[in-house]
Amino acid sequence: MIRKTISFVVLGVALCMISSATLAASPQKLGQFGYWTAYQLTEGNAPVCYMTITAKPPLKKGEKKTKRGDIVLMITQRPSEGALDVVSYAAGAKFKPASDVSVQIGKKSFAMFTQDDTAWSRDGAADRALAAALRTGQSATLTGTLASGAALADTVNLKGSGEAYYAIGKACGLEVAKPKTAIQKAVKIEPKTTKKGTKTTPKTTLKKN
C-alpha cells in the first residue's frame, strides 16, 4: 500500500495522553513556538512540562471522513520522577501488535516500540537522543504499520521545537541551553568605480548565517 505523507501544521494539546488527575491540574500555556505549543501543570507539588504538536490526518482520495483520529507528537518532562525527555507519538489509530515505528530526522534514525495507538522510546537513553534530534532538526518522518495492515508515513515540521524545549525546561527547573538562532552580521561592500572614475558610496548589508 502506498504510504501517505502528512504535514503537521495544526497546533493543539494531547489531552487524551494525560491522566484525569493531570487534566484536573489545569495546564498553563507557556507559549506557542512555531508549530509547537508548550505547557506546564502541577501534579501534587511537582511540576510537569510538555510540548506538543497535534494534527488531523488528511483525507484519502474519495474519502469524506478519515478513520484515523488526531495525530500527536509530544515531549514531556517529569523531573520529580526522573522521567526526562519522554517522547511519545500517537498515530490516531492502533498500531500492528509488536510492531515498531521508525523515526528519521536528517541522517539520524530512531526506533520506537508500539502499544495500542502510541509509540514510545525503549529507554531513557533513547528518549534523550530522540528529543535532542527533535529539538534541533527541521523535520521528522515517522513510519509504521497500523493494525489494519495499512502503512503510514507521517512527516512533522519541527519549526519552533528548540524554543518550545527551552520553555518547558526552564518551567520545570531544568538546566537547558538557549536554542541557536540566526545571527545577522554586517558585511561591508567595497566601493565601486564608475566609468568616469568616481567612486560610489559604500553600502552595508545584513547577511544571515
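Read-outs throughout are calculated quantities, based only on the coordinates presented, and are distinct from any laboratory measurement. Note that the structure is a prediction, hence the values are computed from the model and not measured. Here the Cβ is made from the backbone with ideal geometry for all residues, glycine too, and neighbour counts use every protein chain on show.
Return the long-range amide H neighbours of Glu43 (sequence gap of 5 or more, or a different chain), with a cut-off of under 5 Å between placed amide H atoms.
Sorted by chain and number, the residues that satisfy this are Val48.
Rank these for me by crowding, Arg128, Arg122, going from fewest to most other beta carbons within 10 Å.
Arg122, Arg128
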